[in-house]
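> Handing you a structure now.
Just so you know, all these numbers are worked out from the coordinates, no wet-lab data involved. None of the values given here were measured: they were computed from a predicted structure. Counting neighbours? That spans all protein chains shown, and the Cβs are built from the backbone with ideal geometry, glycine included.
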Amino acid sequence: LSTIRTLAGENALAVSDSASTTRFVIQDNGSVGVGTTSPVTLLSINGPFLAQGTSTINGAGLIADGMFSTSSLNFYTSSNATPRVRITDAGFLGIGTTSPKGLLAVEHIVSNDPALGAFLVADEGTSTPSLIVLNQNGFVGVATRTPGTALGVNGAGSFVGSISTDNVLNVRGT
């Protein structure tokens with residue numbers, strides 16, 4: 001049997017169980033606390049919870065489609081109705097794709113900007129900001145944001161083992 005009461009010394013409505021343990025409160029400012037008597041946001045939950053069905057957070061947020069079933073977890077931005085990130089029930093993570101085919105799938109929107117990488121590992125605070133880039137042409141760049149060939153390397157390189165080619169191998173420098 002639950003009891004509805006006001007919290008002593010506060011302008012809040014509380015629901016308690018038969019042992020007088022407060023289960024949730026509604027404060028006079030509209031904040032709701034579940035598992036806490038001091039909600040710090042509009043909804044504060046202290047403890048695990050289950051969200052079934054589809055839940056939407058307005059603005060940039062999270063929509064959990066059929067969570068804990070045979071579906072996926074999707075992350076959206078406020079300006080797009082297509083998920084930006086999806087985790088499938090198989091545990092595959094898709095960034096820029098809703099159908100990842102492996103543990104990590106990264107896809108990008110086609111762009112005419114050669115500096116826009118499909119995949120980028122960077123450290124913008126250094127003199128060589130682009131560590132690795134895969135551009136829209138399928139070219140890989142190491143220490144360059146704009147590789148002009150299948151493999152573009154800016155700086156010295158070394159190889160351990162043999163190098164083979166089905167065509168001409170040009171070596172420049174000293």
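> His108 versus Asn137, label points 7 Å from Cα toward the beta carbon: distance in nm?
About 1.4 nm, to one decimal.
> Taking the Cβ-Cβ separation of Asp123 and Ala156 as r and a Förster radius of 22 Å, what is the calculated FRET efficiency to the nearest 0.05?
Values: r = 18 Å, r/R0 = 0.83.
Once the sixth-power term is evaluated, E becomes 0.75.
> Which length gain, in nm to one decimal place, applies between Thr82 and Ser20 when the Cα-Cα distance is subtracted from 0.36 nm times their residue separation? If you can, show how the numbers build up before the last one.
Values: separation 62, 0.36 × 62 = 22.32 nm, distance 4.60 nm.
Length difference between fully extended and current span is 17.7 nm.
> Follow-up question, since we're still on this one. For Ser99, what is the net charge nearby, where nearby means another residue's Cβ is under 11 Å from its Cβ and Lys, Arg count +1, Asp, Glu -1?
Working: positive: Arg86, Lys101; negative: Glu107.
It works out to a net charge of +1.
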